[in-house]
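Please read the structure below before turning to the comments.
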Amino acid sequence: MKKLVGTIAALGLAAAAGSAIASTTVVYQNDFDTSSTAAGVTAAVAGPQAIGGFGVTNYGGVTGSFLYNDTGNNYGGGPAPQMTTFTLSNLPSHTALDVDFHLMFIDSWDSTNGGAGVSPDYLEIYLDGVLWGQLTAANTSGTTNDFAGGTQTFGPGNFVYNGYSDRIVDMSGASGLTFAHTASTFTLGIRAGGTGWQGGADESWGIDNIKVTATLRDQTGAIPEPGTWALMILGFGSAGAALRRRPAVSVA
Ligand SMILES: [Ca+2]
Ligand SMILES: [Ca+2]
Ligand SMILES: [Ca+2]
């Protein structure tokens with residue numbers, strides 16, 4: 001018991017000295033069937049946000065409802081594609097964010113080197129209003145698929161809307177979407193781009209399974225709150241109890 005008390009005291013000193021292990025928390029999650037925010041965080045979606053649905057079918061990790069955006073027609077001299085934005089406010093004090101989501105390249109995307117006039121097509125990702133990446137897919141013409149570190153999880157294959165092939169990409173492995181961040185507000189923006197963008201029934205995009213995880217700021221020098229102490233002591237008490245309950249092993 002003396003040793004246990006010493007361990008708790010050492011941990012207390014470590015916590016008081018600010019050497020606690022950095023923790024993470026999910027601040028926003030939205031799969032367009034359900035969504036949630038961490039306590040105190042608010043989320044607002046702006047711009048085009050039509051909802052499509054796969055029902056119970058799972059295509060490369062996308063299932064149920066998803067958001068899709070088919071605005072704009074740069075190729076036809078029509079209106080510019082509109083951006084859909086997700087704005088998180090009142091984030092807890094943090095040092096980094098990790099942003100995960102699935103993207104859907106729907107119908108006749110022409111890559112960066114497809115048919116004359118109908119390419120390039122881009123899917124542009126903006127972090128806090130700054131262009132982070134231009135992705136593209138060669139669904140109908142062209143040869144370049146560029147997912148900026150994301151992994152294709154489905155396609156090419158026609159699973160939604162018209163008869164053209166579609167693709168789904170999981171962006172959770174893209175290292176650039178884990179980045180230093182401290183502001184209390186974060187905005188993720190996505191829109192189509194490129195002079196070949198046709199929009200409408202020809203080309204559109206979708207998003208699903210958005211998850212934003214914050215690395216919480218290390219509370220350097222902070223004194224653990226009573227609740228933290230209670231949990232620590234409870235935890236060690238349980239560990240001690242478990243050790244005491246452990247039956248002796250007999251070797252046959
Ligand atoms: Ca969904
Ligand atoms: Ca195009
Ligand atoms: Ca299709």
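What the table below lists for this structure:
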item	result
Pairs, first outside any strand (DSSP E or B) in the stretch 154-170, second within 6 Å of ligand 3 (Cβ to nearest atom) and of a type in the set (Phe, Trp, Tyr), C-beta under 9 Å, six or more apart	158/164
Test: residue in the stretch 201-209 that is farther than 19 Å from residue 71 by Cβ, outside any strand (DSSP E or B) and aliphatic (A, V, I, L, M)	no
Residues of the stretch 24-40 that turn out to be part of a strand (DSSP E or B) and aliphatic (A, V, I, L, M), as a count	2
Cβ-Cβ under 6 Å pairs, at least 6 apart or on other chains, the stretch 126-145 side without any contact (Cβ under 8 Å) to a residue 40 or more places away in the chain and within 13 Å of residue 112 (Cβ to Cβ), far side of a type in the set (Lys, Arg) and open to solvent by less than 70 Å² (accessible area, probe 1.4 Å)	137/167
Yes/no for residue 182 being open to solvent by 10 Å² or more (accessible area, probe 1.4 Å) and either within 14 Å of ligand 3 (Cβ to nearest atom) or not in a loop (DSSP other than H, G, I, E, B) (or both)	no
Selected residue (criterion: least open to solvent (accessible area, probe 1.4 Å)) from residues of the stretch 125-143 that are of a type in the set (A, V, I, L, M) and under 16 Å from residue 98 (Cβ atoms)	125
Residue within the stretch 39-52 that is buried (at least 17 other Cβ atoms within 10 Å of the Cβ) and more than 27 Å from residue 197 (Cβ to Cβ) present	yes
Residue in the stretch 163-173 that is touching a helix residue (DSSP H, G or I) at 6+ places or on another chain (Cβ under 9 Å) and either open to solvent by less than 30 Å² (accessible area, probe 1.4 Å) or in the same structural domain as residue 68 (by TED's automatic domain parsing) (or both) present	yes
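The values are calculated or read from the model by the stated rules, or taken from the named source; none is laboratory data. Bear in mind that the values here come from a model prediction, so they are computed numbers and not experimental data. For neighbour counting, all protein chains shown are included, and Cβ atoms are generated from backbone atoms with ideal geometry for every residue, glycine included. Areas reflect the complete protein model, heavy atoms only, side chains present, ligands, DNA and RNA absent. Shrake-Rupley method; radii C 1.70, N 1.55, O 1.52, S 1.80 Å.
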